[in-house]
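**Q** First the structure, then my questions, so here it is.
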Amino acid sequence: MVMTVGILALQGDYNQHKRVLDILGTNNIYVRHKQDMKLCDALIIPGGESTTISKQIDNNNLRKPIIEFSKNNIVFGTCAGMIMLSSSSKSNNLTPLGLMDFSVSRNAWGRQINSFSDDLDLEFDNIRFHAVFIRAPKVSRMGKDLKVLATYNNKPVMVTDGHHFVCSFHPEIGSDF
């Protein structure tokens, strides 16, 4: 069976995710409408502007389809995607999907000018991974059933609930794939 990964393509770094999946030889499609999700086995919600992504999810009537999809399929959120998967409180312009039991502080690693990259130790591999942080969220609360897969300065930056995955950095940028 060939697996197809959907990339939510409403705003953000979705082209870079596609480029990496293409290099890896992974079947992938852009997801812009709920019918696109029927063709996917997994979904990536990329980095970008979480407020805009949240609004576009609602404008494209994708909130309920993504939540339903997540019950049986893997969803991976990077940076803004991490914010979207969180159970952080709703704000005036942003409603997270609440797929995982954690909260974040947006842009907590600094503003755009404070973007940086550094090497991380991954809990599931013996390699160092070069991570790029751009206006990255920081985990402010962790639920009990989550596992930390990577930290930076003793703070969780990659987390799983055993089904879904999130990271506060951009794994699609660079060459560590």
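The values are calculated or read from the model by the stated rules, or taken from the named source; none is laboratory data. Predicted model, so just to flag it, every value in this text is computed and none were measured. Backbone-built Cβ (ideal geometry, glycine too); neighbour counts: all protein chains shown. To get the accessible areas, we keep the full protein, side chains included, count just its heavy atoms, and leave off ligands, DNA and RNA. Shrake-Rupley method; radii C 1.70, N 1.55, O 1.52, S 1.80 Å.
**Q** Can you name the residue in region 136-177 that is of a type in the set (D, E, K, R) and more than 17 Å from Ser115 (Cα to Cα) and is also farthest from the chain's Cα centre (by Cα) among such residues?
**A** Top of the filtered list is Lys144.
**Q** Also, quick follow-up: State which residue pairs qualify: first residue loosely packed, with under 14 Cβ neighbours inside 10 Å and outside any strand (DSSP E or B) and inside region 132-160, second residue at pLDDT 90 or above and of a type outside the set (Val, Ile, Thr) in any location, beta carbons under 7 Å apart, and separation of 6 or more residues or different chains.
**A** Gly143/Asp101; Gly143/Phe102; Asp145/Asp101; Asp145/Asp161
**Q** Give me the pairs, please: first residue somewhere in region 1-29 and under 20 Å from Gly48 (Cα atoms), second residue anywhere and part of a loop (DSSP other than H, G, I, E, B) and hydrophobic (A, V, I, L, M, F, W, C), beta-carbon distance under 7 Å, and either six or more positions apart or on two chains.
**A** Val5/Cys40; Gly6/Cys40; Gln16/Ile173; Val20/Phe177; Ile29/Leu39; Ile29/Cys40
**Q** If you check Ala108, Ala80, which single one turns out to be under 21 Å from Arg141 (Cα atoms), over 15 Å from the mean Cα position of the chain (by Cα) and among the small types (Gly, Ala, Ser)?
**A** Every option except Ala108 fails the conditions.
**Q** Considering only region 130-170, how many residues are at pLDDT below 90 and closer than 24 Å to Ile67 by Cβ?
**A** So the answer is 1.
**Q** Just to verify a result, which residue in region 161-177, among those that are under 13 Å from Gly47 (Cα atoms), of a type outside the set (Phe, Trp, Tyr) and part of a loop (DSSP other than H, G, I, E, B), is most open to solvent (accessible area, probe 1.4 Å)?
**A** Residue satisfying both the conditions and the ranking: Ile173.
**Q** Please find, within region 70-95, the residue that is farthest from Arg135 (Cα to Cα) out of those that are surrounded by fewer than 22 Cβ atoms within 10 Å (Cβ to Cβ) and at pLDDT 95 or above.
**A** Filtering region 70-95 for residues that are surrounded by fewer than 22 Cβ atoms within 10 Å (Cβ to Cβ) and at pLDDT 95 or above, the one farthest from Arg135 (Cα to Cα) comes out as Asn72.
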